[in-house]
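Okay, so here's the structure we're looking at.
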Amino acid sequence: MMEVLCMETIFISGGFLIALLFLLSQSLSKGVGTVGGALKQIGLFILQKNPPGLVDIFDDKDGSGSRTWMNFGMLWLVFAALLGFLSGWHNYDPTALDSLASVGWSYDDGSALTDATLNFLTIALLYGMIGSGMVATARNSNGRMASEANASMVAVLLSAVLVASYLLPFIFGFLDIDTETGGVATMLYSLETLAIGLLLVPVFINVLITAANRGEQELQTSVWFLILGLAAYILSMFYMFFGELADATQTVWLAERVAHGWVPLALMFSVGYHVIPMTAKQPIWSGSMRTASMLLLFITIPPFFMTDASASNFVTNLGAILLTLGVLPIFAASINLLMTASSGLSSVVKQPGAIAATMAFLALPFFAIGGYFTAMDTFVGTGELGSMGEVVNMSMLFTVGGLLVLAGVFTNYPNAIGKPLATPSTATLATWMVLVGGVASTLTYLTGEFTANAVAASEVEDVVANSGGFYLTGAAMFYLASIGTILSTMVVIRTGISATGRTLAAEETSDMATYTLTSGSSTTIRDLIGRGVGVDTALVVSETETNEGGSTIIAVDSALHNDEIKEFPTTTTSVMIDFVQYLANTNQSVFQLFASMDLDNSGKIDSREFLAALESSKFDGLSSIDASELVESMDLDGDGELNLPELDIAIAQIKRDHDIVPSEEEE
């Protein structure tokens, strides 16, 4: 009877969780009708007015919320890396930290230090990747979060809760810090879990409202993963709290798989699917693999941080199948993103954030393979691999998770504050240090654990495994990763305090393949950019028709041509007509023309670049054009520069007004 009850508990809890995520995805795809407006107003009231007075303390300017989250992420990551080094050194010399026993810590077996390292690292990844996801969400919407001040406030409160959870046992003299033994510390841990879940609710509402402000724009893949990951994490925190109260071990086990499996991978995919396509300036390689990575992630069991299920044979066999399938979304996402990066490799290698993201997804499949074997060993209860699973799990978070935190801050932190990344060379060096230190220490630690397990399995009493050399080497190699995180934090600080820089708001590259301007609608170039339209996004304006000559003419909707659009100067109209005819005859697209004129790859063309392009053109008639006058005539948003949509609209206007088609012979 107890076995049946356990089965019902795990299936009911899992089914309810998946059903909620499914309903959420449907609501995001189809909307919630007229109810959505009321819910949005309620959500904005919660974000902007609660708690009264406290939220008003924080800055609400664009990007301030995501900046706060990423700053805290780097701070927690440095602490986690230092604790990771101390933990590795403690494995080599258990007496090295005995002096800290005077403040109440005990290092008999190093478990307290290991637990603290894992907690700090988990929080660092949560901060860093959610902050990066906020930037992606804002870029997919109107350029800012629904409430930047509330996002900053929650970041501060979350850190306060975490710090308090570590200080309270010392302040009040709690000796029972092991949550397995029950007592006051168990209650403190449960309250901490509940507090984290509650604090993430306004973050979830903030992201949802920001995504809802995108209008008709398609929700980007990175935002999908962020929203679903946040929802799953909040539910897992509630599952842990109420599961502990009800002593529902199966529900707690499921919540741990979600919190330590689904959520980290979802946030990693969120960063990867934003940073790599954007920096590579390429669309996502495979839409089907993107869908597979999203769907399979939330219906399988990830191969990391596994614990003994202690369930019936049926549940164990089903769990083993789902655990085997759990590597599929990891491979699907990794292959998809690596192929996307390879399509724009020349751009990727120039960006430290893109390098970090690419290296992360190059290493993730190998960790997934190691995690699968160690997780299966733990899941079925054989225990033949000993503590190798702990090494794989911790190393995966440090290496892959750490690299993706760096990818997020190196790419999205500058976007959030409108400044270029300071010292990209130092950022690249830090990336390689984290990668080399993480991978090398992992291999060294695994070799030491394998040696110890082999000696223990031999059952020869006179043979003693000496793994001290491996632990010493592993700690030394991990020191590279620790230094890398410190260098990365210095880069972020320098970027934040830089007094000069150019705004990056209008230089966005999206993973959107197309954007449709519907008939009868009105918009502006600034609004298109705010919605995530990038240089490589194909604009479908109203409808297209093919003339007898076989060329495609873009029919520009009259809504785009309002009183603010300026006519071409009369002295250059005829020359521009000849130039557009020349483009049609040579079959040169607007995208190719823009790329040839954009000399600094800034996503905009100023009069200097336009003049240089005219002077180097093979079309002699352009030499008589006043470049600044022509740029001003096509500049719809009045910023003094041309972007791709503005140039496209200007050329389409000439084609429409003068019925330009390719000549039979190219000039």
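Quick one: would you say residue 267 is touching a Pro at 6+ places or on another chain (Cβ under 6 Å) and modelled with pLDDT of 90 or more?
Values: touching a Pro at 6+ places or on another chain (Cβ under 6 Å): no; modelled with pLDDT of 90 or more: yes.
No.
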(request) From (1) touching a Phe, Trp or Tyr at 6+ places or on another chain (Cβ under 9 Å); (2) at pLDDT below 85, pick out the condition that doesn't hold for residue 81. (result) (2)
(request) Spot the failing condition for residue 474; the list is (1) at pLDDT below 65; (2) part of a helix (DSSP H, G or I), and only one is missed. (result) (1)
(request) Scan 326, 319 and give me the residue that is closer than 17 Å to residue 366 by Cα and not β-branched (Val, Ile, Thr). (result) 326
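Kindly establish whether residue 324 is of a type in the set (Ser, Thr, Tyr) and farther than 17 Å from residue 223 by Cα.
Working: of a type in the set (Ser, Thr, Tyr): yes; farther than 17 Å from residue 223 by Cα: yes.
Yes, satisfied.
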(message) Can you report the number of residues in the range 107-161 which are within 20 Å of residue 206 (Cβ to Cβ) and either of a type in the set (A, V, I, L, M) or in a loop (DSSP other than H, G, I, E, B) (or both)?
(response) 26
(message) Looking at the range 225-252 only, could you name the residues that are closer than 15 Å to residue 299 by Cα and either touching an Asp or Glu at 6+ places or on another chain (Cβ under 8 Å) or of a type in the set (S, T, N, Q) (or both)?
(response) 236
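Tell me, please, whether a residue that is over 20 Å from residue 494 (Cα atoms), of a type outside the set (D, E, K, R) and either in a helix (DSSP H, G or I) or not assigned by TED's automatic domain parsing to the domain that holds residue 317 (or both) can be found in the range 411-428.
Keep residues of the range 411-428 that are over 20 Å from residue 494 (Cα atoms), which gives none.
Within the range 411-428 (the criterion being over 20 Å from residue 494 (Cα atoms), of a type outside the set (D, E, K, R) and either in a helix (DSSP H, G or I) or not assigned by TED's automatic domain parsing to the domain that holds residue 317 (or both)), the answer is no, since none of the residues qualifies.
Yes or no, residue by residue, for (1) within 28 Å of residue 290 (Cβ to Cβ); (2) at pLDDT below 85:
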{"residue": "167", "(1), (2)": "no, yes"}
{"residue": "194", "(1), (2)": "no, no"}
{"residue": "204", "(1), (2)": "yes, no"}
{"residue": "207", "(1), (2)": "yes, no"}
{"residue": "211", "(1), (2)": "yes, no"}
{"residue": "227", "(1), (2)": "yes, no"}
{"residue": "236", "(1), (2)": "yes, no"}
{"residue": "242", "(1), (2)": "no, no"}
{"residue": "251", "(1), (2)": "no, no"}
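For residue 447, state whether it is at pLDDT 90 or above, of a type in the set (Ser, Thr, Tyr), in contact with a helix residue (DSSP H, G or I) (Cβ under 7 Å, 6 or more places away or on another chain) and assigned by TED's automatic domain parsing to the domain that holds residue 354.
no
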(message) Among (1) loosely packed, with under 11 Cβ neighbours inside 10 Å; (2) among the polar types (S, T, N, Q); (3) modelled with pLDDT of 85 or more, there is one condition residue 34 misses while meeting the rest; what is its number?
(response) (3)
(request) Would you mind telling me which numbered condition in (1) under 18 Å from the mean Cα position of the chain (by Cα); (2) surrounded by 20 or more Cβ atoms within 10 Å (Cβ to Cβ); (3) touching a residue at least 60 places away in the same chain (Cβ under 8 Å) residue 281 fails? (result) (2)
(message) Given (1) buried (at least 24 other Cβ atoms within 10 Å of the Cβ); (2) more than 17 Å from residue 276 (Cα to Cα), identify the lone condition not met by residue 440.
(response) (1)
(request) Could you tell me which residue of the range 624-667 is modelled with the lowest pLDDT, considering only residues that are under 15 Å from residue 580 (Cα atoms) and polar (S, T, N, Q)? (result) 663
(message) Looking only at residues that are under 19 Å from residue 260 (Cβ atoms) and either without any contact (Cβ under 8 Å) to a residue 24 or more places away in the chain or of a type in the set (Gly, Ala, Ser) (or both) in the range 306-320, which one is surrounded by the most Cβ atoms within 10 Å (Cβ to Cβ)?
(response) 309
(message) Looking only at residues that are more than 23 Å from residue 656 (Cα to Cα) and among the polar types (S, T, N, Q) in the range 575-623, which one is modelled with the highest pLDDT?
(response) 596
(request) Test each condition in (1) aliphatic (A, V, I, L, M); (2) modelled with pLDDT of 90 or more; (3) surrounded by fewer than 23 Cβ atoms within 10 Å (Cβ to Cβ) for residue 258 and report the one that comes out false. (result) (3)
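The values are calculated or read from the model by the stated rules, or taken from the named source; none is laboratory data. Remember, it's a predicted structure, so these values are computed and weren't measured experimentally. For neighbour counting, all protein chains shown are included, and Cβ atoms are generated from backbone atoms with ideal geometry for every residue, glycine included.
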